[in-house]
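In what follows, a single structure is set out as structure tokens and then discussed.
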Amino acid sequence: MTALTNKDSRSTLKRIQSRLPPPLVALILAVLLFLIGGLLAPGFANVNQAVNIVRLAAFLGIIAAGQTLVIISGGEGIDLSVGALVTLGAILTYRITDGDEALILPALGVILLVGLLIGLLNGIGVALLRMPPLVITLGMAGVVTGLIYFVTRGQLIGDTPPAMGTLLSSALIGPIPGVVILWLLLGAGMWLLLERTQYGKQLFAVGINRTAARLSGVRVNLVVMLTYGLSGMLAAFGGFVLLGFTQTVFLNLGQPFLFPSIAAVVVGGTVLAGGKGSYWGTIAGALVLQVINSLLLALRVEEAFQLIILGVILLVLLTMYGRQRSVRQ
Amino acid sequence: MTSFRLTVEKAVKTYGGVTALADGNLDVQAGTVTALLGANGSGKSTLSKILTGVVSPNSGSITLNGAPMRFASPQAARQAGISAVYQELSLIPDLTVAENIWLAHEPLKNGFVSRTLMRQRTQSLLDLFAGLYNRHLTPDALITDLTPDERQLVEILKALSFDPRLIILDEATASLDGQQVNRLFELVTQWKANGMAIVMVSHRMEEIFRIADKASVLRNGRTVGERVIAETSERELVELMIEGAGALHRERAPLVDPANPVRLEVRGLKTSVLHGVDLTVRDGELLGLGGLQGQGQSDLLMALFGAIRSTGQMIVSGEARHFRHPRQAMAADVALVPGDRGSEGLLLIRSIFENLILPSWGSYGTPIRVARAREKGAVIAEELKMVMSSLDAPVNSLSGGNAQKVVIGKWLLRAPKLLLLNDPTKGIDVGAKAEFYSLLRQLRDRGTAILFYSSDDDELLGLCNRVLVMHDGRVSTELFGDRLTHEQLVSASMGTPS
Ligand SMILES: Nc1ncnc2c1ncn2[C@@H]1O[C@H](COP(=O)(O)OP(=O)(O)OP(=O)(O)O)[C@@H](O)[C@H]1O
Ligand SMILES: [Mg+2]
């Protein structure tokens, strides 16, 4: 009989969980952590800090947009070239504009195209050459980083147009920085892409069952290639946006964003196995990660402990989400 | 063997707001075949899973040999001698046949897993069905490489490997052909004589009357009656299952009007399995495809749909075509209901709605007009009488038969001109079958050309006026009119032309 009560209480927990979709869980967690932060570190929970956290989360969130698509596409989908492409996007913008505001848009065009092309190469590797995503995107990250070193020889010439800082990083409307507004727009765009286009619907199908998708007329390879292409493009765009914040470039500018870009997606409830997830989740995930990061910083926690705490929170969230995944019949 | 008796009383199981089982009762004994009958979604699989500890009931009692029991897990049930073949197959695709069968109870030698022993035992299990599967089915074959019927056989052998005292066969015959079913029933008769208890779920009434001793009928999650097979009739059982239903009504199609335009003409179609197939289907024709399992029927349908590579001539709607991707076939108004709904037909964790619309998203514009798509989905769900909590419920919450309806529905939505059906009534209940047949008749009368493979001979005989029997990758015999009889169909299936 003990087994019975046990199972019952577990199913109540499950019921509560299934009422709350993972993005909401993550969002609530972000707010809770922020408030707890206020208790632990007096002066932490104020408007300025909130704005700052959202602003920093926006950079991560934008960089993780493509990662979301790739993970949804399934087949062990993951994009490890995101970091290198962020760096590339920033360096190219820095170099092309050389501080000239008139060249911002042309530079944007160039980096979007370059990102798309490199991403498509990843996609070709995955879809046509059947290479494991982990391998090809890791290799691509190496190639891109190597090329940057080779071409620049470590000498990073250029400048950031002042307008980029004003438009993206500083307060634009009231206290709200431009990047946050951009993030919301991207969020709306990603929702449209995933939920209201043929591509989005087919992407979920591809992520779950490629045979069934193909037999329903989905061009699986095309969808996969496009997804990696989009991921490359969005990562390069992330680099562009990030430049508005850092104002300067260095050779491993993007690399620190790689692991968090994956973590944000997963914390937001997108299933690593593919076929299920949302960009709202990634937005919430990026907020959670940033709150934790800022809080630990405010508490002056040692870096080693920061990593441990982050790891534990990830594990707890993932086991919670894992439970509510419905088992197959 | 000591006597074995298992009874379930007043079992209740709910999932959230959905009641899967409201009052399930079952009484099984050693040496008896108990049929568990009921319409799709009536709770048969749920009740079976309660017996095997997979599902834990909200309430109800289980008694094993007079003592109250509660199985906390499938392992616990297995220890009590209960094992089952589930409707949705459970094999791991990347493991071998032997590894799957002996998973978690590998034969040991000196405390270590003995692969030799495992292979030997697998082989002797396979020998039970000797001659009824392809040569590539060996203990070392990977599950991915097996056809659906072979997977089903492995699934049965896996259940058997536990040496159970009660074996539950949940629609284990749905994807087997006539000969394989015959062999299975011979085995069941042996098991019975040895004192094993057998519970069997099947939507094929003739099978019930061949093998079962008694039947327990579920309707909407409630056990509504128990009958001794020798003292009942098909009609009585069907009426118990579905209130106010008559017996299954099949009506053979009239011969197609030879003046109807040819929708599909195939000459010398070859794949790795097909060795040159010729056939013609006209508009308004329901052409049957028969033969033993795995003689190339699936390959033929897949090749016609552009899903696998083929060579040969194909003329669709008067134009020479060669589809390289299902998409091209769909553009030419061809649709295929694939044979294995789990692996080929469905996105199990997505909603019913998304599954229904998957082939058709393109026709709702960008941004997708979701409301319009939903209306379409609701209409087809209604037409097929799907039992579901809502269109947004995930497909894996549906009963087997209702899931099959989703696979059929997603193609009916596209109003195809040529419909390719790969064993579409697998797991569908008697009532839904009758509806499906009348749907086929309607489609045919509207001029749809239909190529219909069924592993159920009675279905072909009852519906089609012309049947192509396949053997070893070729159409070996064409049967129509007076020659289309059960005897002819069986002898043609064996590859003995008469
Ligand atoms: N995991 C689940 N979550 C929600 N509902 C479920 C789940 N499993 C079963 N159901 C519902 O419970 C009911 C009974 O399902 P069950 O699978 O037992 O039917 P069945 O008699 O085996 O039908 P079939 O002949 O189609 O296989 C159905 O309405 C089904 O939708
Ligand atoms: Mg069932």
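General observations
- Stretch in chain A that is longest and holds no GluC sites (Glu not before Pro) that DSSP places in a loop and that have at most 15 other beta carbons within 10 Å: A:77-301
- Mean residue ellipticity at 222 nm, helices only, the protein assembly as shown: -15000 deg cm²/dmol; runs of at least 4 DSSP H residues each add -39,500 (n - 2.57), and the sum is divided by the number of residues.
- Coil-residue chymotrypsin sites (Phe, Trp or Tyr not before Pro) of the stretch A:145-248, DSSP, other Cβ within 10 Å capped at 12: none
- For chain A, the mean projected area of the C-alpha convex hull, equal to one quarter of the hull surface, is 19.3 nm².
- Dipole orientation for the protein assembly as shown: of the candidates A:Gly275, A:Phe237, B:Gly284, A:Phe237 has the Cα lying most toward the positive pole (charges on Cβ; Lys, Arg +1; Asp, Glu -1).
- FRET efficiency, 1/(1 + (r/R0)^6) with R0 30 Å, evaluated for B:Asp163 and B:Arg70 via beta carbons: 0.85
- When the charge dipole of chain B is built from unit charges on Cβ atoms (+1 for Lys and Arg, -1 for Asp and Glu) and taken about the Cα centre, the candidate among B:Met196, B:Ala22, B:Gly66 whose Cα reaches farthest toward its positive end is B:Ala22.
- Anchor B:Lys10: aspartates and glutamates whose Cα lies under 12 Å away (excluding residues fewer than 8 positions away in-chain): B:Asp23, B:Asp27
- Computed from the C-beta positions of B:Lys10 and B:Asp94 and an R0 of 35 Å, the FRET efficiency is 0.25 to the nearest 0.05.
- Under Stokes-Einstein, with the Kirkwood radius over Cα pairs as Rh, the value for the stretch A:201-263 at 20 °C and 1.002 mPa s is 154 µm²/s.
- Surrounding net charge for B:Gly81, when Lys and Arg each add one and Asp and Glu each subtract one, Cβ distance under 13 Å: +2
- Nearest-20 debye value, the stretch B:210-321 charge dipole, Cβ charges on Lys, Arg, Asp, Glu: 340 debye
- Think of each Lys and Arg Cβ as +1 and each Asp and Glu Cβ as -1; about the Cα centre, that makes the dipole of the protein assembly as shown roughly 1040 debye.
- Dimensionless Rg over Rh [chain B; C-alpha; Kirkwood]: 0.96
- For chain A, a Gaussian network of Cα nodes joined below 10 Å ranks A:Leu203, A:Leu167, A:Leu40 by mean-square fluctuation, and the top entry is A:Leu40.
- Its alpha carbons considered, the stretch A:228-277 gives a radius of gyration followed by a Dmax of 12.9, 38 Å.
- Reachable aspartates and glutamates from B:Lys192, criterion Cα separation under 15 angstrom, eight or more residues apart if same chain: B:Asp163, B:Asp213
- Descending Cα extents along the principal axes, the protein assembly as shown, whole Å: 89, 69, 56
- Over the stretch B:1-97, the reciprocal of the mean inverse Cα-Cα separation, the Kirkwood hydrodynamic radius, stands at 14.4 Å.
- Globularity index of the stretch A:129-263 is 1.29 (Cα radius of gyration / 2.2 N^0.38 Å, N = number of residues).
- Options B:Ser360, B:Ala381, B:Gly401, ranked by Cα towards positive dipole end of the stretch B:347-415, top entry (Cβ charges): B:Ser360
- Scaling the Cα radius of gyration of the stretch A:79-180 by the globular reference 2.2 N^0.38 Å produces a ratio of 1.26.
- Rg/Rg_ref, the stretch B:347-415, where Rg_ref = 2.2 N^0.38 Å and atoms are Cα: 1.01
- Span-like helix ranges in chain A, DSSP H, alpha carbon extent 27 angstrom or more, Kyte mean at least 1.0: A:47-72, A:104-127, A:133-152, A:220-246, A:279-298, A:303-324
- Equivalent ellipsoid dimensions for the stretch B:5-242 as semi-axes, Å, which come from the Cα gyration tensor, largest first: 30, 21, 16
- Cross-link partners for B:Lys109 among the lysines, with Cα-Cα distance under 21 Å and sequence neighbours closer than 8 places in the same chain left out: B:Lys158.
- Nonlocal amide H pairs with B:Arg263, under 5 Å, H built at 1.01 Å: B:Val281, B:Arg282, B:Asp283
- Test item: Cα-centred dipole of the stretch B:347-415, Lys/Arg +1 and Asp/Glu -1 on Cβ, debye: 140 debye
- Longest segment of chain A lacking trypsin sites (Lys or Arg not before Pro) that sit in a DSSP loop with at most 15 other Cβ atoms within 10 Å: A:154-299
Every number here is computed from the coordinates shown, using simple stated rules; none is lab data. Just so it is clear, the model here is predicted, and its values are computed rather than measured. Methodologically, a virtual Cβ is constructed for each residue, glycine included, from the backbone with ideal geometry; neighbour enumeration extends over all protein chains shown.
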